[in-house]
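Working notes, beginning with the structure itself.
The values are calculated or read from the model by the stated rules, or taken from the named source; none is laboratory data. Only a predicted model underlies this, so the values are computations on that prediction, with no experimental measurement involved. Cβ coordinates were reconstructed from backbone atoms using ideal geometry, including for glycine residues, and neighbour counts include every protein chain displayed. Just the protein is used for accessible areas: all its heavy atoms, side chains included, with ligands, DNA and RNA removed. Shrake-Rupley method; radii C 1.70, N 1.55, O 1.52, S 1.80 Å.
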Amino acid sequence: MSVIPDSAESAGRSDPQVPAAENTLRILSYLAGRPAPVAASAIARELSLPRSTVYHLLTTLSTHGFVLHFREEHRWGLGTSAFELAGGYTRQQPLARLGRPLIAALSDRLGESTHLAVMSGGDVLYIVEERAPRRPALVTDVGVRLPAHLTASGRAMLAVLPREQVRALYPSASAFPDRTGLGPRRPAELRELLREVRSRGYATEDSEVAAGLRSVGVAVRDQAGWPVAAVAVTWADEERDERALADAVTATASVLESRLKR
């Protein structure tokens with residue numbers, strides 16, 4: 001006699017209940033994390049899936065516009081329906097909604113101004129700003145854009161991006177706008193700075209956006225490891241324990257990461 005597992009037993013299983021749906025989402029996530037379209041054989045290899053399964057799912061996704069087949073290149077990339085999903089994600093502002101209370105709590109805990117920013121081309125765009133009382137005025141605010149290579153938030157995200165994408169954003173010295181005369185001005189200088197960020201685990205900025213102000217920033221990654229945002233704190237050029245500030249920012253970024261992945 002067959003036995004149908006009850007809900008408690010089913011809830012304890014780690015295997016996906018709908019393998020096709022699970023594999024479809026894995027393929028979309030994999031494509032979203034690639035800097036360019038990829039071959040179906042690479043998808044099958046990287047995800048440990050049978051080629052026949054990958055081709056079947058890609059064909060179905062293509063029919064609904066979620067992927068595109070670049071026939072001349074024999075590669076697959078995300079389609080317009082995936083872009084529409086991204087647009088809906090942007091309109092619903094989940095990053096700002098989830099991040100706002102965390103950024104406010106971080107500001108209260110540190111007594112300094114805190115921010116949440118996203119990458120937009122070679123800029124960072126601030127989507128949440130929490131001003132601490134009786135602290136210096138800042139140039140950042142919701143909707144403000146600043147050069148990513150000058151800000152702690154931008155450097156934190158650039159350090160996580162594929163190196164090929166960083167090279168595309170900063171191909172020559174002309175791609176490095178200046179604000180205070182400080183900061184990297186050539187691709188080689190930026191590469192060295194980002195190596196330091198990866199080694200340290202957080203990004204810093206000292207008077208490169210506004211004289212006398214310092215910042216620490218930490219990237220927030222999605223399930224594919226892509227930097228979707230960065231949490232940062234800014235304070236006046238005075239005695240503060242940078243490592244302690246970085247630990248607090250890192251903790252907030254980790255909480256936001258976990259909430260985005262639920």
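What to note about this one:
- q = 0.07, 0.08, 0.16 Å⁻¹: log10 I(q)/I(0) that the Debye formula gives for the chain, counting C-alpha atoms only: -0.31, -0.40, -1.18
- Ranking 218, 117, 38 by Cα position along the charge dipole of the chain, where only Lys, Arg, Asp and Glu carry charges on their C-beta atoms, puts 38 farthest toward the positive end.
- Equivalent-ellipsoid semi-axes for the range 14-58 (Cα gyration tensor, √(5λ), whole Å, largest first): 18, 12, 9.
- MRE, 222 nm, helices only [DSSP H, n ≥ 4, -39500 (n - 2.57), over the chain, to nearest 500]: -14000 deg cm²/dmol
- Using the Cβ-Cβ distance between residue 174 and residue 200 with R0 set to 41 Å, the FRET efficiency works out to roughly 0.90.
- Using C-alpha pairs below 8 Å separated by at least 6 residues, the relative contact order for the chain is 15 percent.
- Counting Lys and Arg as +1 and Asp and Glu as -1 over every other residue whose Cβ lies under 10 Å from the Cβ of residue 124, the net charge comes to +1.
- Accessible area in square angstrom per residue, the chain, 1.4 angstrom probe: 55
- The chain - charge dipole about Cα centre, Lys and Arg +1 at Cβ, Asp and Glu -1, debye rounded to 20: 460
- When each of the peptides 214-224, 184-194, 170-180 is scored by the mean number of other C-beta atoms lying within 10 Å of its residues, the order from highest to lowest reads 214-224, 184-194, 170-180.
- Label-to-label distance for residue 242 and residue 104 is 3.2 nm, based on points extended 7 Å past Cα in the beta-carbon direction.
- Per-residue packing, averaged as other Cβ atoms within 10 Å, sorts the ranges 101-108, 48-55 into the order 101-108, 48-55, beginning with the highest.
- Cα convex hull, the range 134-236: 106 Å³ per residue, rounded to a whole number.
- Backbone N under 20 Å from the residue 24 label point (7 Å along Cα→Cβ), restricted to the range 42-59: 43-44, 47-59
- In order through the range 170-177: 3J(HN,Hα) via Karplus (6.51 cos²θ - 1.76 cosθ + 1.60), integer Hz, x for Gly, Pro: 10, x, 7, 4, 5, 8, 10, x
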